[in-house]
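Below is one structure, written out as structure tokens, with a few remarks after it.
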Amino acid sequence: MKVLVVGCGVAGICLAHELLQADCEVQLIDKGQNVSSSVAAGIINPIVFRRMTLSWRVSEFIPFAYNRYRELEHKTGVSFFHPLVIRRLFASEQELEFWKKKQNLPEYSDYMETLTKEDLEFPLEQNTFGTARVKQASYIDAKGFIRANRDYFQSKNLLLEENFNHDELNPAEAVYKGTRYDFIVFAEGKDSTYNPLFGYLPLQQTKGEVLTIRSETMYSDESLNRKCFLLPLGNNEFKAGSTYVWNTDDTIPTEEGLQTITENLKSITSEPYEVLEHNAGVRPTVLDRRPLLGLHPEYPKIAIANGLGAKGYMLAPLLMNELVQHLFEGKEIPKDSHINRFAYSKHS
Ligand SMILES: Cc1cc2nc3c(=O)[nH]c(=O)nc-3n(C[C@H](O)[C@H](O)[C@H](O)COP(=O)(O)OP(=O)(O)OC[C@H]3O[C@@H](n4cnc5c(N)ncnc54)[C@H](O)[C@@H]3O)c2cc1C
């Protein structure tokens, strides 16, 4: 089998590895303008703090992702996967009560540490309602991950740095620039909006900004979370963020984004810091917060791997495995991830 993958973000990378594992011949094309996977904080957090619920399919995604990232570290010879403790500073009495209620339920206890006196009295000026620790969290050093995998594919001559040109595609035959493929899969992130074959899907572009900061005095044993995250990277450096601006395609860091993160940081730390970097990116999101996977309704050799939203690093490994099983073995893609939940219209 010969497969062309368009896009070398976390989706395209995980997909390409799945394909190689299935003994496919793989060609990747990327125009070298990554604005999501390389900007991300790369945090994998099983808990949705807003309502103290578990993230979608977390018991499937987390173990699969952890194994895959360990394997990819081994394959590329680069370390980018880091286990992490996330400490939530409760934002209200109600959050504390939710945690107390859920911490011992069987489905939650794998991800929530049982509250201790130390958690409740955690010595931080901003601790008003107590704190709690999340289990099985981690983060991927996103820049390191993208660089390591691109280097890996380049060393094997599998990655072309160029823009995919739709004028040179025959979608019915899956022939691109005269080469015939068994499948062509588009993993273009937010740029799928401009893809003439998949532009009908309701993909949204959600801008996010993130800071890299340095502080000699900030708490760095765990990642703190309330209103925003503070992720310790080592060497007194941290990532802090992020912001959400819907339907925005630009990747320009703004004064407003800086102000928002700076303001939100006050809810977890009063320590002084210096801003080292300020970056912005665009998440490929869908209103129902589910991915966009599947074969094109009209062209059965053309597929999409997109819609990873704010959780690409948790979702990509298993979703790309499911997509490959769909392509080669006809295994059904779960209904809530399949693009056929949206009506096809050719000219929208
Ligand atoms: C500020 C911020 C913080 C985030 N934090 C986290 C986090 O902590 N944890 C987490 O899991 N997720 C996080 N995310 C979300 C995460 O980044 C996304 O879910 C993920 O990166 C999407 O990956 P992707 O491969 O679909 O898209 P992308 O990373 O955008 O990759 C798409 C690739 O396709 C290429 N491409 C597009 N069109 C073409 C074309 N026509 N020809 C050739 N190449 C093309 C682009 O160059 C790009 O490299 C964050 C995002 C942002 C913006």
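Looking at the range 279-300, can you tell me whether even one residue there is over 23 Å from the mean Cα position of the chain (by Cα) and small (Gly, Ala, Ser)? No, the conditions are met nowhere in the range 279-300. Of the residues in the range 326-334, not one is closer than 27 Å to residue 256 by Cβ, open to solvent by 50 Å² or more (accessible area, probe 1.4 Å) and assigned to a loop (DSSP other than H, G, I, E, B). Filtering the range 148-178 to residues that are without any contact (Cβ under 8 Å) to a residue 60 or more places away in the chain and either of a type outside the set (A, V, I, L, M) or more than 12 Å from the ligand (Cβ to nearest atom) (or both) leaves 154, 155, 156, 157, 165, 166, 167, 168, 170, 175, 177, 178. Candidates 147, 180: the one that is open to solvent by 30 Å² or more (accessible area, probe 1.4 Å) and within 18 Å of the chain's Cα centre (by Cα) is 147.
Evaluate the following for residue 283: is it among the basic types (Lys, Arg) and part of a strand (DSSP E or B)? Yes; evaluated as a whole, the condition is true for this residue.
Yes/no matrix, rows are residues, columns are (1) assigned by TED's automatic domain parsing to the domain that holds residue 31; (2) touching a Pro at 6+ places or on another chain (Cβ under 9 Å):
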site	(1), (2)
110	no, yes
116	no, no
152	yes, no
161	yes, no
165	yes, no
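For the range 61-82, the criterion of being open to solvent by 30 Å² or more (accessible area, probe 1.4 Å), within 13 Å of the ligand (Cβ to nearest atom) and in contact (Cβ under 8 Å) with a residue 60 or more places away in the chain is met by no residue.
Each residue in the range 202-232 was checked for being more than 18 Å from residue 310 (Cβ to Cβ) and in contact (Cβ under 8 Å) with a residue 40 or more places away in the chain, and 10 pass. Restricted to the range 1-57, and to residues there that are more than 7 Å from the ligand (Cβ to nearest atom) and basic (Lys, Arg), the residue that is farthest from residue 244 (Cα to Cα) is 2.
Cβ-Cβ contacts under 9 Å between residues 6 or more apart (or on different chains), taken from a first residue in the range 238-260 that is more than 10 Å from residue 209 (Cα to Cα) to a second residue that is assigned to a loop (DSSP other than H, G, I, E, B) and open to solvent by 60 Å² or more (accessible area, probe 1.4 Å), are listed as 238/220; 238/273. Does residue 185 satisfy being over 24 Å from residue 80 (Cβ atoms) and away from the ligand (no atom under 11 Å from the Cβ)? When the stated conditions are applied, residue 185 does not pass them. Taking the criterion of being surrounded by fewer than 24 Cβ atoms within 10 Å (Cβ to Cβ), part of a loop (DSSP other than H, G, I, E, B) and of a type outside the set (D, E, K, R), the residues of the range 1-35 that qualify are 1, 22, 24, 32, 33, 34, 35. None of 272, 284, 253, 297 is modelled with pLDDT of 95 or more, closer than 30 Å to residue 322 by Cα and open to solvent by 40 Å² or more (accessible area, probe 1.4 Å) except 297.
Could you please give the count of residues in the range 194-206 that are open to solvent by 10 Å² or more (accessible area, probe 1.4 Å), assigned to a strand (DSSP E or B) and out of contact with any helix residue (DSSP H, G or I) (no Cβ under 7 Å at 6 or more places or on another chain)? Selection size over the range 194-206: 1. Could you tell me whether the range 244-255 includes any residue that is away from the ligand (no atom under 13 Å from the Cβ) and at positive phi? So far as the range 244-255 goes, yes, one or more of its residues are away from the ligand (no atom under 13 Å from the Cβ) and at positive phi.
Taken across the range 309-324, residues that are away from the ligand (no atom under 15 Å from the Cβ), open to solvent by 50 Å² or more (accessible area, probe 1.4 Å) and touching a strand residue (DSSP E or B) at 6+ places or on another chain (Cβ under 9 Å) do not occur at all. Could you please let me know if residue 345 is touching a residue at least 24 places away in the same chain (Cβ under 8 Å), within 16 Å of the ligand (Cβ to nearest atom) and open to solvent by less than 60 Å² (accessible area, probe 1.4 Å)? Here the answer is no, as residue 345 does not meet what is asked.
Please tell me if residue 299 is under 25 Å from residue 22 (Cβ atoms), within 16 Å of the ligand (Cβ to nearest atom) and among the aromatic types (Phe, Trp, Tyr). It is false that residue 299 is under 25 Å from residue 22 (Cβ atoms), within 16 Å of the ligand (Cβ to nearest atom) and among the aromatic types (Phe, Trp, Tyr). Listed conditions (1) of a type in the set (D, E, K, R); (2) in contact with a strand residue (DSSP E or B) (Cβ under 7 Å, 6 or more places away or on another chain); (3) not in a loop (DSSP other than H, G, I, E, B) are all met by residue 256, apart from (2).
The values are calculated or read from the model by the stated rules, or taken from the named source; none is laboratory data. Note that the coordinates shown come from a computational prediction; the quantities given were computed from them, not determined experimentally. Methodologically, a virtual Cβ is constructed for each residue, glycine included, from the backbone with ideal geometry; neighbour enumeration extends over all protein chains shown. Heavy atoms of the whole protein, side chains included, go into the accessibility calculation; ligands, DNA and RNA do not. Shrake-Rupley method; radii C 1.70, N 1.55, O 1.52, S 1.80 Å.
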